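Read through the structure below, which is laid out as structure tokens, and then see the notes.
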Amino acid sequence: MSNVKELLEKKLTAEGFKRLMAVDNSKIHAFVADAIELTNPDEVFICTDSEQDVKHVREMAVKSGEERPLETPGHTYHFDGPSDQGRDREVTKYLVPKTEKLSKALNQIEREEGLAEIRGLLKDSMKGRSLIVRFLSLGPAGSVFSVPCLQITDSWYVAHNEDLLYRTAYEQFCKLSRDENVLCFLHSCGEMNDDMISVDVEHKRVYMDYTRDQVYTVNTQYGGNTMGLKKLALRLTIRRADREGWLAEHMFVSGVYGPGGRKTYLAGAFPSACGKTSTAMLPGETILGDDIAYFRKINGQFRAVNAESGIFGIIQNVNAQDDPLIWDVLHKPGEVIVGNVLVADKKPYWLGMGEETPDKGVSFSGEWFKGKKDAKGNEIPLAHKNARYTVALKALANCDPELDNPEGVELGGVIYGGRDPKASVPVQQSFDWAHGVVLYGASLETETTFAIIGKEGVMEINLMSIQDFLAIPLGKYIQNNIDFAKGIAKTPLVFGVNYFLRDKEGKFVNGVQDKHVWVKWMELRVHGDADAITCPTGQIPCYEDLVKLFDQVLGKKYTKDDYVSQFTIRVPENLAKIDRVEKYHKENVPGSPQIVYDTLATTRKRLKEAGDKHGDYISPFDLAS
Ligand code: GTP
Ligand code: SPV
Ligand code: MN
């Protein structure tokens, strides 16, 4: 590129140039100049933290036609294209230099080749549109946790979402040191039709250049593919955390109240669409984060922050009874964006909302009517299962007051959970930190969900629920997690949960509200206030404690039959799972720590011994005696 400053001065307004130059960082200047030269926009908007700039983004999202107003003041809706309804694993790749190797389980392309391809697709992609530059922070600003991020996009919708989801940080950028390493994201919707939908679906690409901390994404609008600070940044921060000795995780963080009004923070990793937001939003508890958490050791404590400050949450099944907090936000004036729902008479409708829904309206499929079929003859549902809402956490009545604490909060427990219809009990506690990280985290097996484009309901191993986002050798990542507990005075307890266990008839053995009981039990365990029964895979709750908790938390009677159906140890299913996990590690996780194999072997032995003694299906009452 020719002279960076010259180019910027030519392409920016005087005000825009002044704003960008106030950020004294040559990497940023070069990235912006390159983006302008490559994508050739009609105008450039350098967005500061000012109310006026933020308002401009909000207004342009509607003016451009990417969002439309709903009846409730402040609420808007947006559609992504029919084949752009979730994260797209197939087209999401790491750019790997010829001289380097990444685990083969990670999707990748040779760096030069990939760069040439995606830059070719980005060429002149912003002609006729605006290039928006946003300065944002992951983690509370001005904290040891902060990660400064620069987003460039030609989508006012993406820029608007990021305003609700992240902390604005232009002021911090102006104070950054010259060589500060900033994560940089460049997104373009590519060619769009009159409805402002990306049309070149064949050339949707998300390529991550971890050698430069830069990500390119094109021909897509879905939030998970386009908002740099979401999963794209997670991939880069996992690498940074690896270098710097902290952890970046796909986890919610929530404050759970215990006896005497004490509050205990729990964090939990679940694969996409497996329960993070639903757990973080339990009524009566607090929500600090619902998707991405950073952990650091501070003065011997295990401390966590939310990388984000808003929620990009699944709207399916959100109903007044189970989700009163978010239901309220979705129905009162305030800033809310909903995506890929059905809209009729300026009102949004979604699957499982517990209310009557209209027979026609507008959806991601265009004009929709009940019985409408796609090209393959399949009926199109009224809204997509992965339809989502965007709100700032502060809009929620139970937003945790420590959200912006630069030191984060101390964690009492860490949870791993997935969609396991057959093997794992609904809740259990590990014997120690490493045991839990290995047996509940590194052994996590789960059904694929609608949050990712592709086949739903296929069982797969998803290490710590973060496998989609891992950009370091998988074995190293597991080891980092195991080692993280070293030097911590009070190590968090580790729990495994499974909200999706089914009985022989295929029915779920738990109700959606039962998770509230599990987290209350965990809270008690953190403080040594509840007993547990040892089983081959960990420690499970005692019947009497659950009777009390179901009554206290949900006002429900908990029978012995409930307990037996939920907590029976299914020996053959667990043994089969251990075999699959072991095979997976042998084949796909070079350098998986020895403790993984040892823990699996010990668990297999425990399961076999228990099976020999009690049979294939062991009632928890048999273990208690
Ligand atoms: P991402 O935002 O994709 O990372 O997902 P998440 O982990 O935050 O998932 P979320 O909590 O939004 O829930 C995912 C889906 O699981 C929703 O459709 C819920 O209705 C459903 N779900 C949540 N909890 C339960 C449960 O206890 N039982 C059953 N059967 N479904 C549940
Ligand atoms: C996930 O898929 O895990 C999400 C939504 O949280 S996305 O923004 O698509 O990553
Ligand atoms: Mn997620």
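Placing +1 on each Lys and Arg Cβ and -1 on each Asp and Glu Cβ, with no other charges, gives the range 183-223 a dipole about its Cα centre of roughly 220 debye.
Projected onto its three principal axes, the C-alpha set of the chain covers 80, 56, 50 Å, listed from the longest axis down.
The base-10 log of I(q)/I(0) for the range 519-563, evaluated at q = 0.13, 0.25, 0.31 Å⁻¹, reads -0.28, -0.95, -1.18 [Debye formula, identical scatterers on Cα atoms, solvent excluded]. Each other residue within a Cβ distance under 10 Å of residue 283 adds +1 if Lys or Arg and -1 if Asp or Glu, for a net charge of -3.
If only the Cβ of Lys and Arg carry +1 and only the Cβ of Asp and Glu carry -1, the dipole of the chain around its Cα centre is close to 1080 debye.
Would you please classify the overall shape of the range 228-331 from the alpha carbon gyration tensor, given that a ≥ b ≥ c denote the square roots of the eigenvalues, rounded means a/c under 1.5, and beyond that prolate means a/b larger than b/c while oblate covers the rest? The shape class here is oblate.
Cβ-to-Cβ counts within 10 Å put 350, 433 in ascending order as 433, 350, the fewest first.
Among residues other than residue 535 with Cβ under 13 Å from its Cβ, the summed charge is +1 (Lys and Arg +1, Asp and Glu -1).
As a footprinting exposure proxy, order 285, 505, 112 by other Cβ within 10 Å, with the fewest listed first. Intermediate results must be reported in sequence, preceding the final value.
Working: 285 22, 505 5, 112 11.
Final ranking by Cβ density, sparse to dense: 505, 112, 285.
If you take all other residues with their beta carbon under 12 Å from the beta carbon of residue 582, and give Lys and Arg +1 and Asp and Glu -1, the sum is +1. The C-alpha atoms of the chain define a longest principal axis, and helix 233-244 lies at about 70 degrees to it. Entry note, the range 364-490: relative contact order of 17 percent, from Cα contacts under 8 Å with a spacing of 6+ residues. The range 451-493 and the range 122-185 have Cα centres separated by 27 Å. Among 431, 295, sorting on how many other beta-carbon atoms sit within 10 Å of each Cβ, with the fewest leading, yields 431, 295.
Where a number appears in this text, it was derived from the coordinates with a stated rule and is not lab data. Since this is a predicted model, take the numbers as computed values, not measurements. Counting neighbours? That spans all protein chains shown, and the Cβs are built from the backbone with ideal geometry, glycine included.
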